[in-house]
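Written out below as structure tokens is the structure these notes cover.
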Amino acid sequence: MSPLPKIDANIILKLPLWQRVLILGVIWLIIGGLFYYFLYSDKLAESSALSAKLEGLKNDSAKKQNLAGDLPKFKKEKEDLDNQLKQALAQLPNEKEIANLLQSISDAAKASRLDILTFKPGKETPKGFYAEVTIDMKVEGGYASLVSFFEKVADLPRIVNINGLTITSGKEVRGDIMLSASFAATTFKFLAQAEAPQGKK
């Protein structure tokens, strides 16, 4: 390997001023390029990565602060939903109350002066945490009595839906046309955890 050529400083000093300035500029460019390549570029990349990470941490912190600020609102919404659930469950009778509800429907028909021709509770149909209980009914009486019965059923504290209503007219009794009404009265029974079908939420 041949030794590096020696540079005589006197030769450079004898050069015109513009050439000395040019050589000095080239030397500074070489030194600056080496500094940028070996030191500054790595530090610049590291600084960019740290800046991006810091920005991400700031965004996460802002999101968490917003969530923390909304926490009282979320708690209030949860309490409202819990209260609504309790009110809804209060309208779903359990096993002990279903017999009383059936009796209340029967009493409503009698109080409205309807003759109960059919009163047949059907099979329960599970629907998750509750079950549908359908009662096939056929009653007979005047129009006013029929309207009074439906009003009494609507005023019951439990949910009772009237479906498949069919009304036919019959004979006249004391100036009042007797109507026969067939329908399904559907109510809902709350199922305890053990009663609910497996696999359903």
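I'd like to check something: does region 103-116 contain any residue that is modelled with pLDDT of 85 or more, touching a strand residue (DSSP E or B) at 6+ places or on another chain (Cβ under 8 Å) and of a type in the set (S, T, N, Q)?
Yes - at least one qualifying residue is present in region 103-116.
Condition (residue is touching a residue at least 12 places away in the same chain (Cβ under 8 Å) and either within 14 Å of T186 (Cβ to Cβ) or exposed (fewer than 11 other Cβ atoms within 10 Å of the Cβ) (or both)) applied to region 73-92: is it met by at least one residue?
Within region 73-92, one or more residues are touching a residue at least 12 places away in the same chain (Cβ under 8 Å) and either within 14 Å of T186 (Cβ to Cβ) or exposed (fewer than 11 other Cβ atoms within 10 Å of the Cβ) (or both).
Wholly within region 118-199, which strands (runs of 3 or more DSSP E) include no fewer than the required count, namely at least 2 residues that are among the polar types (S, T, N, Q)?
Values: elements: 130-141, 160-173, 176-190.
By residue number, 160-173, 176-190.
The values are calculated or read from the model by the stated rules, or taken from the named source; none is laboratory data. The shown structure was predicted, so the numbers you read here are calculated from the model rather than taken from an experiment. Positions of Cβ are generated from backbone atoms using ideal geometry, with glycine treated the same way; all protein chains shown enter the neighbour counts.
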